[in-house]
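Since every read-out is calculated from the coordinates, none of them should be taken as a lab result. Since we're looking at a predicted model, the values are computed, not measured. Counting neighbours? That spans all protein chains shown, and the Cβs are built from the backbone with ideal geometry, glycine included.
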């Protein structure tokens, strides 16, 4: 089973009990667990981490006990964000890539750094918290899992930045993540609990410091957005988990107001009982895959980023003939494009709308003048290699289910969705007319 499918189905408590004697004593005769029992909930977390990640965990009785599937799904999403926005443009895991992450409010469990490091050997973490008791247990959990060289805990306070890169001596990081407090006050927390029509699904042992913050989770993430405007590309992906559906709309609207043009959202579903959402944003131009950026079935379209994939079909009978046609079209334009037949995929970059009529006339004139002067193609250096591309794209070809060749254009780099849409429209018109 792939690690991504580890918690695809409901947890089999009976199977876990056979593998974990410590958990077995909390299993009821019907094969279920009493989630109102804090000891049972805590042991479930410990047993899952030990069985599935070979991790040991120590937790106090008065701090949050994190649900493992939910936290693991958040880590998987960040893996996908990084894998589909790497300099290699392969959309796959690069085991040689060094990654540094920041866990904001790591808690007593330090669960995100523990799971992240267990999954990817080249990952390292800084882990912050404002609560000394949380940090005491976090240090212990880091130590007993032999991760002291890869996870560094830091004490912070309310008045310091949430993303304190200078204070923790990091010039840049690949991502930051957090699970901010849901509630704006203790009264808000109690009111939410009283409004529930049934008992809570799982015992809550969290302290106010972990569950309450002024303004709730929206205000917390808004602080992150404000800090990210100053830090910019010192962090590639800023991310947060959100516990309330209403918070997602507020955060996305605030990202629009901050003029963020590159963001991603996802549903995190733990079995059939709990749903959370993640939101991430970047000031860089690397675009995540569509499945990663729009990984939700619950959010309306106006909260989703612009689609990063465009698909249509050609009438050609073979992939090779389609590839030759596309190569001929793109070769006539002032852009860089390389096609790899073994992968049926091409990667290209353009400095602007080089397919407009004016651009094509200019390119034709330039080609004619170069031919007349009999100069080699790279004899002179006009500096164009140093120009940042306005559009990066991949074109993947495959046989369609109903015949013909499927052409999938993937937006991999750039900030202008209109430019990407224009390129897709141009290529489709050329190939299907």
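Brief remarks on what is shown
- The chain: Cα Rg divided by the 2.2 N^0.38 Å rule of thumb: 1.14
- Between the helical axis of 68-83 and the longest alpha-carbon principal axis of the chain there is an angle of about 20 degrees.
- Protection proxy ranking, peptides 104-117, 403-416, average beta carbon neighbours within 10 Å, highest first: 104-117, 403-416
- Packing, as the average of other Cβ atoms within 10 Å across residues, places the peptides 91-99, 329-337 in the order 329-337, 91-99, highest first.
- Within the listed set 355, 283, 77, the residue fluctuating most in the Gaussian network model of the chain (springs between alpha-carbon atoms under 10 angstrom) is 355.
- Largest mean-square fluctuation among 140, 246, 289, in a Gaussian network model of the chain whose springs join Cα atoms under 10 Å apart, belongs to 246.
- Classification of the range 1-97 by its C-alpha gyration tensor yields a prolate form. The axis ratio a/c (a ≥ b ≥ c) is 1.5 or more, and a/b outweighs b/c.
- Relative to the dominant Cα principal axis of the chain, helix 132-144 is inclined by about 70°.
- Here is how the number arises for the chain: DSSP H runs of 4 or more residues each give -39500 (n - 2.57), the sum is divided by the residue count, and the result at 222 nm is -11000 deg cm²/dmol.
- Highest-MSF residue in the chain out of 144, 236, 43 [GNM, Cα springs under 10 Å]: 144
- Among 35-41, 419-425, the peptide with the highest mean count of other Cβ atoms within 10 Å heads the list, and the full ranking is 419-425, 35-41.
- Using alpha-carbon coordinates, inclination of helix 357-373 to the longest axis of the chain, degrees: 60
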